[in-house]
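This report refers to the structure that appears directly beneath it.
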Amino acid sequence: MRAPHPSLLSPLLACAGLFAFSAAAQSSVRPEVDAAARRVQADVVALRRDFHQHPELSNREQRTAAKVAEHLRALGLTPKTGIARHGVVAIIEGGKPGPRVALRADMDALPVTEQTGLPFASKVTTTFAGQTTGVMHACGHDAHTGILLGVADALVAMRKDLPGSVMLVFQPSEEGAPVGETGGASVMLAEGLFKDFRPDAMFGLHVFSTLPVGTIGVRQGPLMAASDRFNIVIKGRQTHGSRPWGGIDPIVAAADLVSSAQTIVSRRTDVSKLPAVVSFGSIHGGIRYNIIPDQVELVGTIRTFDEGVRAAIFKDLKNVAEHVSAAHGATAVASVPDGEGNPVTANDPALTARMRPSLEAVVGAANVVEPSLQMGAEDFSYYAREVPAMFFFVGATGPGIDPVAAPSNHSPKFLLDETALDVGLRAMLQVTLDYLHGDG
Ligand code: NI
């Protein structure tokens, strides 16, 4: 779709030598970033609006993946498709030797009925978990995919002078695969994403409603929580409500467990270092007011920021469930965790310290903020466990709107200010080029 602009190449070449000697990240925006951003800006907006109007749920990103692959082919790349169902990966080989960088964008949308009133709002509906629902890019992954295609376009145009290579990772199913399926980052890795191309560094971004547009949020170390589900079944023995001594009451045991489980964080976890959460989301037992049921099922979520704390909470919750139940004469079958959760998304401290000036160059030092720890999870964490990685937030809430009060990501009213596309594109490009040139 886009060939390199000959007019852009000469100033780029003039600068290339200069940057090759620079080991540190740039303190100002690279001229080629500015030129490329101006050139691809309209395209990125159009791509994002198209994805926004045609959202697809996790593991169903057929059209999105086809459009991504088609765009990459038009740029002269040879994308690999069908990774973890709908994943698309392409490599841009630079004309000069240098490091390997991977950039990731997620492509899936959510079962949310859009209420933004935008002219390109989604009207798509589907069936999810047995219910008819709208589908919406309520987390902004349409922006991520559009931005990475713009970055691809820009990098292809400067390929001849690029020291190193860049792998573009368009990932499906970040939000989690439907029940009975697997998907996302862990499956892409299991299918050999890093087998032939092990990156020296990986970068990802997320548009974020709680930050104003024009700001970028990043922090070293843990950024987003590990998210794990648990399932506990307390088995008692059914009896009449009027004769509790005739059975074993799992409801009283469950009530005791809900209270006792609160002490795992409040009494046993060192919350002075990092926060943690144990929450019950559903309790189900019984059918009638005067029948004590056979069993109660409790499900919930655990959020942590440290692998050691995560393992300790798994162990403690299982213990508390089993022993509290035993104290009531009941037994607990505790699946903690219940299936595979997302690990902690942690930014490599050295890489983040090194690349922060690149982000500052794009939006100004005062506009790079350190966000609080996010209790939400992100499956970028799987890549960050494998290679040094940095994930950053791009402010998405427009001027005049309080970001704290703005409809958040996943809301049917989540509204992305499109200036965030330009900020995200410039940030990703600057970070990538600074990294490649710094080691070149
Ligand atoms: Ni998201």
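The values are calculated or read from the model by the stated rules, or taken from the named source; none is laboratory data. What you are looking at is a predicted structure, and each value in this text was computed from that prediction instead of being measured. Don't worry about glycine lacking a Cβ; one is built from the backbone with ideal geometry, like all the others, and counts go over all protein chains shown. Just so you know, the surface numbers come from the protein's heavy atoms only, side chains and all, with ligands and any DNA or RNA stripped out. Shrake-Rupley method; radii C 1.70, N 1.55, O 1.52, S 1.80 Å.
List of remarks:
- Whole-angstrom gap from the range 69-109 to the range 339-413, using each part's C-alpha centre: 22 Å
- In this structure, the residue pairs whose Cα-Cα separation is over 27 Å, taken from LYS67/LYS195; LYS67/LYS123; LYS67/LYS96; LYS80/LYS413; LYS273/LYS315, are LYS67/LYS96; LYS80/LYS413.
- In Å², nearest 10: area of SER242 left accessible to a 1.4 Å probe: 70 Å²
- Rolled with a 1.4 Å probe across the full set of protein chains, the surface gives LEU205 an accessible area near 10 Å².
- Residues of the chain: accessible area per residue with a 1.4 Å probe, Å²: 41 Å²
- Longest to shortest principal axis, alpha-carbon extents of the range 227-335, angstrom: 49, 22, 18
- Sum of -39500 (n - 2.57) over DSSP H runs of 4+, divided by residues of the chain (222 nm, nearest 500): -11500 deg cm²/dmol
- For the chain, the longest principal axis of the alpha carbon atoms and the long axis of helix 349-363 meet at an angle near 60°.
- Stokes-Einstein diffusion of the range 312-392 at 25 °C, 0.890 mPa s viscosity, Kirkwood radius from Cα pairs, rounded to a whole number: 153 µm²/s.
- Estimated distance in nm for a label pair at SER266 and ARG243, the labels positioned 7 Å out from Cα along Cα-to-Cβ: 3.8 nm
- Degrees, to the nearest 10: 419-438 long Cα axis against longest axis of the chain: 70 degrees
- With a simple spin-label model that places each label point 7 Å from the Cα along the Cα-to-Cβ direction, the separation between GLU418 and ALA46 comes to 1.2 nm.
- Binning the alpha carbon pair distances of the chain at 20 angstrom intervals from zero yields the distribution 24, 51, 20, 4, 0, expressed in whole percent.
- Rounded if a/c under 1.5, otherwise prolate or oblate - the range 138-212, Cα gyration tensor axes: oblate
- The amide H of LEU57, built 1.01 Å from its N in the peptide plane, has ALA109 as neighbours under 5 Å, considering only residues 5 or more places off or on other chains.
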